[in-house]
Each structure stands twice: as C-alpha cells, then as structure tokens.
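Encoded as structure tokens, the structure appears first; notes follow it.
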Amino acid sequence: MTHAIDRTGDWRARLFLEGFDLFNRGKRFEAHEEWEAMWLEEPKGHPNRLFLQGLIQIAAAFHRIETSFPRAAWRLFRSARRKLIPYRSGYKGVDVGALIPLLDGWLERLAVSDGRGAPPDAWFRMEVSGRGWNEPAREADGTAAGQAVARAFEQYSSDRTVRTGCPTCGAELEVNGRSRAPEHDTETAWRVACPAGCVEATIAEGAAR
C-alpha cells in the first residue's frame, strides 16, 4: 500500500466503492490498492477473499497493459476469470456473469496483440448495485476440510501447483483430477477432491449463495 487506510466506520464498504470509482476513472492501479487493503484483512478460506483477489487481478491486468507487459496481463486476466466464475451474479453487487465474457475477450485479444490498440469500449467499466459490500454472503467453512478445499482452489486458480494435503489421509488434493491448471482453461466449474475420496467439494455457479 502506498497510503494509510482509514479504518473507521464501515471502511470496507467505503473502500469497495472507492475501488470501483477509481477503476472506472482509469486509475486502475489505485483501485488495485484499495481492494488489496480489504483482501489483506479477509481470513483465508472466506469466499470474499478469492472474490476480491479476482477484482484485484483485473485491475492489475489493465495496469500491465498500460505498462507494456501483455503476457503478464494475459496471465492475470486468466487467473481472475478462474477466481470469479464460482460466484453468482450479484455477489457483493457485482454482475459477475457479465464480467466473464469481457475477460474472455481480453484473453483472445492478448493472445494475438499487446492490447494497447484495443477499442475504447474494451477498457470496460465495472458497476456495483444494491448494498455493495454489505450484500450478504455465506461464511467460510471453518472445518479442516473446508479450509483445505479453499487453499487448494486458491493455488489452482492462481496457476500454482496444488500442494494442499487432505486433512484425513494426507494425499494432495486435486482440482478436476489435476494438480495444476492447464494453459488454456475454458471450464466453468471445478471439483476439488482427495484422490482417496475423503474430501470432495464442487466449486460452481451459485457456490457463494
């Protein structure tokens, strides 16, 4: 962070909206900073944590395009897509369903260009409706299995090899039978499971209800 965060009052809701305002005014790095301050406060395994990380990565991807690092931007867009797909549209007031095709468009664009010549409407806005950050969300699964599933999906969606062990048998968990996401992943749902069947959880549309 490059500036102190005012943590008085409903500061998370305030930072959440400030992040969108900055993003939509073209200050994407600054938006990334606001959301990152929130992300650092979220407990591991909470649905809000991966959701915020997806937004952070979108902002960071655009910043990478602006600073001439298209390959890094492509990776960030891909990682953001994986993180956001499990969330229902309207999660924290964000139309996640509308975001996914926009991210797909950037993945296709960056596969053949540096993105800097993209049309103005490609640099999309993101809006928040309803109660925003104060929209209700399910709580984290605090069990050992729930925490392990959350860690495994975070590793997978960040394109790191899954190294989280099953809390029952110790075997490394897999996502759709894999320990690492492929280069081009068009799936829209993931199943985190222990090879021995001790732990199994589906991460799919509506999982955040």
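Observations
Yes/no matrix, rows are residues, columns are (1) at negative phi; (2) surrounded by fewer than 22 Cβ atoms within 10 Å (Cβ to Cβ):
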{"position": "Pro70", "(1), (2)": "yes, yes"}
{"position": "Arg82", "(1), (2)": "yes, no"}
{"position": "Pro86", "(1), (2)": "yes, no"}
{"position": "Gly90", "(1), (2)": "no, yes"}
{"position": "Leu99", "(1), (2)": "yes, yes"}
{"position": "Gly105", "(1), (2)": "yes, yes"}
{"position": "Leu110", "(1), (2)": "yes, no"}
{"position": "Pro119", "(1), (2)": "yes, yes"}
{"position": "Ala122", "(1), (2)": "yes, yes"}
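- Hits in region 1-27 (condition: of a type outside the set (Asp, Glu) and in a loop (DSSP other than H, G, I, E, B)): Met1, Thr2, His3, Ala4, Ile5, Arg7, Thr8, Gly9, Arg25, Gly26, Lys27
- Among residues of region 121-156, those that are out of contact with any Pro (no Cβ under 9 Å at 6 or more places or on another chain) and not in a loop (DSSP other than H, G, I, E, B), counted: 12
- Among the residues of region 81-120, those that are under 16 Å from Asn48 (Cβ atoms), assigned to a loop (DSSP other than H, G, I, E, B) and touching a Pro at 6+ places or on another chain (Cβ under 9 Å) comprise Pro86, Tyr87.
- Filter result for Val149 (in contact with a helix residue (DSSP H, G or I) (Cβ under 6 Å, 6 or more places away or on another chain), more than 26 Å from Asp10 (Cβ to Cβ), β-branched (Val, Ile, Thr) and not assigned by TED's automatic domain parsing to the domain that holds Arg71): no
- Residue match in region 106-120 (condition: acidic (Asp, Glu) and free of Cβ contacts under 8 Å to residues at least 24 places away in the same chain): yes
- Taking residues in region 121-137 that are farther than 15 Å from Leu52 by Cβ and assigned by TED's automatic domain parsing to the domain that holds Arg88, and partners anywhere that are not in a loop (DSSP other than H, G, I, E, B) and not hydroxyl-bearing (Ser, Thr, Tyr), the pairs with Cβ atoms closer than 6 Å and at least 6 places apart or on different chains are Phe124/Leu102; Arg125/Asn24.
- For region 56-97, the set of residues classified as of a type in the set (A, V, I, L, M, F, W, C), closer than 19 Å to Gly19 by Cβ and in contact with a Ser or Thr (Cβ under 7 Å, 6 or more places away or on another chain) consists of Val96 only.
- When each of Glu41, Glu30 is tested for being surrounded by fewer than 20 Cβ atoms within 10 Å (Cβ to Cβ), assigned to a helix (DSSP H, G or I), touching a helix residue (DSSP H, G or I) at 6+ places or on another chain (Cβ under 9 Å) and acidic (Asp, Glu), the lone residue that passes is Glu30.
Conditions tested, residue by residue: (1) of a type outside the set (A, V, I, L, M, F, W, C); (2) over 17 Å from the mean Cα position of the chain (by Cα).
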| position | (1), (2) |
| --- | --- |
| Ile100 | no, no |
| Trp106 | no, no |
| Arg109 | yes, yes |
| Asp114 | yes, yes |
| Ala122 | no, yes |
| Val128 | no, no |
| Arg131 | yes, yes |
| Ala145 | no, yes |
| Ala150 | no, no |
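- Residue match in region 74-81 (condition: more than 23 Å from Ala150 (Cβ to Cβ) and either polar (S, T, N, Q) or modelled with pLDDT under 95 (or both)): yes
- Residue in region 163-177 that is among the small types (Gly, Ala, Ser), more than 17 Å from the chain's Cα centre (by Cα) and under 25 Å from Gly105 (Cβ atoms) present: no
The values are calculated or read from the model by the stated rules, or taken from the named source; none is laboratory data. Owing to the predicted nature of the structure, the values given are computational and were not obtained by experimental measurement. All Cβ positions, even for glycine, are placed from backbone atoms using ideal geometry, and neighbour counts span all protein chains on display.
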